[in-house]
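The values are calculated or read from the model by the stated rules, or taken from the named source; none is laboratory data. All figures in this text were calculated on a predicted structure; none of them were measured in a lab. Cβ placement follows ideal geometry from the backbone for every residue including glycine, while neighbour counts extend to all protein chains displayed. Remember, those area values only see protein heavy atoms, side chains included, never the ligands or the DNA or RNA. Shrake-Rupley method; radii C 1.70, N 1.55, O 1.52, S 1.80 Å.
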Amino acid sequence: MAAPPDAELSPALSLELLPTDPLLLILSFLDYRDLVSCCYLNRRLNQLSSHDPLWKRHCKKYWLISEEEKSRRNQGWRAIFISTYSDLGRYIHYYATLKKAWDDLEQYLGQWCPRMIGSLKESVREEDLDAVEAQIHCKLPDDYRCSFRIHNGQKLVVPGLMGSMALSNHYRSEDLLDIDTAAGGFQQRLGLKQCLPLTFCIHTGLSQYMALESVEGRNKYEIFYQCPDQMARNPSAIVMFITGTSYLEWFTSYVNKVVTGGYPIIRDQIFRYVHDKDCVATTEDITVSVSTSFLPELSSVHPPHYFFTYRIRIEMSKDALPENACQLESRYWRITNAKGDVEEVQGPGVVGEFPVISPGKVYEYTSCTTFSTTSGYMEGYYTFHCLYNKDRFFNVTIPRFHMVCPTFKVSTA
């Protein structure tokens, strides 16, 4: 069917012929790349795509620029976007995520761990990161570089930004290494070839490493704790307890756990205990909850020895009657490994103490266990006696809590 005669005479609708307001509305949906491309199409689109309010969304989305910062800079949105891109453009897909993580972490630390704020280092320059790459003859991933353009790790102090763990005779607190210290610890030896340390504990010498190349059975940019294979004749045989698949995932997931209260703050430092919200049991007026942690520095794959610590909180309701005050007499544990083997333990008190619990009071303690399998669980009960009726004894349930070793890779050596 032939087109009507009038249709043949009508000019094709062109985007640039639209009135200014609807055309600006259309341009406001474009990403920054498309907006730049419009500048090269014709004079009118060049003028409209340079309209300053169009760049406000991109400044906020990619660089987290606020109205207050714009006022301080005394620049337009487009000028701010261009100047920031000229400095940080290679990190445009990482910057907003990492900057928000750092901002959230600083705000949280300012409230709960203020002395840790002073240990954070200022950002490094692009040329400093280039110099490190030249020094180690290896490329750094862009997400790692981007984070150090925001903060250059922290000073070697205690407590460490990346979390602590304490037992009666063992203490670990990991610092996030600055770029120069990390470069100084870059490994080329067998077993840790082309691995860069991300963290360091002054007390244990423990580090988390990032593999900069896919060698010795590792994936590129994988993050892990090293664990020597004690049964191998080759001293370079290293097993990996994997803690992250990329720097972005590793750092932001840790920060999220911190700022959402997933890790407890104890004595002004972050403790890496994980609490399962379902791992809570209430008996009469007493509630027992448990959080756990895996300790790679005290564990091994060969021979199989997986070390866990757990922190138990015992609390009596503040609404309980004063005459319900009681004292812990003994404990009973039923410990089951992944093979179904069961061990039963019974004894007086907990960690050598016999705590008294009264309305509104909390008692917390830390203990540990080991498994010959990669996972296991514990459950049991405490026996209490009433302070005002010493003939009355009753059991308080300890909820079942599971402990699971993180994913690991066996050495190829």
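Quick notes
- Looking across the range 61-101, the residues that are under 20 Å from F251 (Cα atoms) and either in contact (Cβ under 8 Å) with a residue 60 or more places away in the chain or in contact with a Cys (Cβ under 7 Å, 6 or more places away or on another chain) (or both) come down to L88, Y91, Y94, Y95, T97, L98, A101.
- E323 acidic (D, E), surrounded by fewer than 18 Cβ atoms within 10 Å (Cβ to Cβ), assigned to a strand (DSSP E or B) and in the same structural domain as H402 (by the TED database): no
- Test result for V342, at pLDDT 95 or above and open to solvent by less than 40 Å² (accessible area, probe 1.4 Å): no
- Close pairs (6 angstrom Cβ cut-off, 6 or more residues apart or separate chains): within 20 Å of I92 (Cβ to Cβ) in the range 128-145, small (G, A, S) and crowded, with 17+ Cβ neighbours inside 10 Å anywhere: none
- Scan the range 63-87 for residues that are more than 18 Å from L24 (Cβ to Cβ) and open to solvent by 20 Å² or more (accessible area, probe 1.4 Å) and the total you get is 17.
- Residues in the range 30-62 that are aromatic (F, W, Y) and open to solvent by 80 Å² or more (accessible area, probe 1.4 Å): Y40 alone.
- Selection of the range 88-98 for residues being out of contact with any Phe, Trp or Tyr (no Cβ under 6 Å at 6 or more places or on another chain) and either in a loop (DSSP other than H, G, I, E, B) or open to solvent by 50 Å² or more (accessible area, probe 1.4 Å) (or both) yields R90, H93, Y94, T97.
- Selected residue [crowded, with 20+ Cβ neighbours inside 10 Å, touching a Leu at 6+ places or on another chain (Cβ under 7 Å) and aliphatic (A, V, I, L, M)] from V239, V258: V258
- The set of residues in the range 227-244 being in a loop (DSSP other than H, G, I, E, B) and either farther than 20 Å from P406 by Cα or hydrophobic (A, V, I, L, M, F, W, C) (or both) consists of M231, A232, R233, N234, P235, S236, A237.
- Qualifying residue in the range 379-387 (condition: β-branched (V, I, T), over 24 Å from H275 (Cβ atoms) and free of Cβ contacts under 8 Å to residues at least 60 places away in the same chain): yes
- No other residue among T283, T309, T292 is in contact (Cβ under 8 Å) with a residue 60 or more places away in the chain, touching a Leu at 6+ places or on another chain (Cβ under 8 Å) and not aliphatic (A, V, I, L, M) apart from T309.
- Within the range 125-226, helices (runs of 4 or more DSSP H) holding 3 or more residues that are farther than 14 Å from W250 by Cβ and open to solvent by 40 Å² or more (accessible area, probe 1.4 Å): 126-136, 179-184
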